[in-house]
Amino acid sequence: MEMPPVIYVEFIEREAGIPREIFRYIGDQSASWVQAEQDRYIGQLGRTMRLWPHPAYLTLFRIDGLHRIDDWERYFRSDAYHNNYRSFAMQRSLRMLRDGCYDELVPTEQIGDGIYYLEYFHPPIDGADGAMVDHYRQRSEHHPDARLVLLLRRIGYLAPDPGGLVAWRFPTARAAESLLRERIADSKFRPTDAGLYRRFGEEIP
């Protein structure tokens, strides 16, 4: 049976001893080691104005499926990895705290301009993906500047708690304010944490 694509998320921190300018250079994965024909680089987000919990950075890929983990393990054991000096240095300069594997419930959009509002939430245990999609699309419809760009549910337990991640893009923080002030009546989708992000390199640390 053919399995659906997977969104692979890396949760990253800057090593305390690495200057921010070097971190932004080394941590930029737009020129990544992944294979473009099988893995699509979606982008990176950085917490801005400290309005988010740690870890402060996320990198997102869409991959063909979980079989890619087998391929990556072979790569990291190979001479090709040890001869890829940029990738080798990156793996040793960033604090990659945890990675996660997710199913995408709406198409995940390429990271671009604007400010991103992210929420973590507990996906309902009944597995009602349609209800989740309806809930977050309805929230978007109440805010004219909101664009729903990401809605993820972790695969099994292969991602940090609480297991659900949703993001909207806005032109400005002011444009996001009506959604930020929204009271969530349905406790099934009440966020456990939330914050503001920008594209990697444009965040204010």
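Assorted remarks:
- Quarter of the Cα convex hull surface for the range 1-128, i.e. its orientation-mean projected area (nm²): 9.8 nm²
- Modelled FRET efficiency - R0 35 Å, residue 178 with residue 13, Cβ distances, 0.05 increments: 0.65
- In a DSSP loop and with at most 14 other Cβ atoms within 10 Å, the GluC sites (Glu not before Pro) in the range 146-205 are 182, 202.
- Anisotropy class assigned to the range 88-161 is oblate, per the alpha carbon gyration tensor with a/c at or over the 1.5 cut-off and a/b no larger than b/c.
- Surrounding net charge for residue 192, when Lys and Arg each add one and Asp and Glu each subtract one, Cβ distance under 9 Å: -2
- Contact order relative to length of the chain, as percent, for alpha carbon pairs under 8 angstrom and 6 or more apart: 31 percent
- Debye, to nearest 20: dipole size of the chain, +1 on Lys, Arg Cβ, -1 on Asp, Glu Cβ: 660 debye
- Other-chain or far-sequence residues with amide H under 5 Å of residue 106's (modelled H): 151
- Coupling constants for the range 8-25 follow from the phi torsions by the Karplus curve (6.51 cos²θ - 1.76 cosθ + 1.60, θ = phi - 60°), and in residue order they are 9, 10, 9, 9, 10, 10, 7, 5, 4, x, 9, x, 4, 5, 5, 4, 5, 6 Hz; glycine and proline get x.
- Local electrostatic count, residue 128, Cβ distance below 10 Å [Lys/Arg +1, Asp/Glu -1]: -2
- Length released on extending from residue 98 to residue 66, taking residue separation times 0.36 nm less the Cα-Cα span: 9.9 nm
- Neighbourhood charge, 14 Å Cβ-Cβ cut-off, centred on residue 140 and excluding it, Lys, Arg +1 and Asp, Glu -1: -2
- The range 57-198: C-alpha gyration tensor shape, a/c 1.5 cut-off, then a/b vs b/c: prolate
- Sorting the segments 116-124, 17-25, 48-56, 162-170 by their residues' average number of neighbouring beta-carbon atoms within 10 angstrom, most packed first, yields 162-170, 116-124, 48-56, 17-25.
Throughout, read-outs are computed from the coordinates displayed, never taken from laboratory work. Because the structure is predicted, anything quoted here is derived from the model rather than measured. Cβ coordinates were reconstructed from backbone atoms using ideal geometry, including for glycine residues, and neighbour counts include every protein chain displayed.
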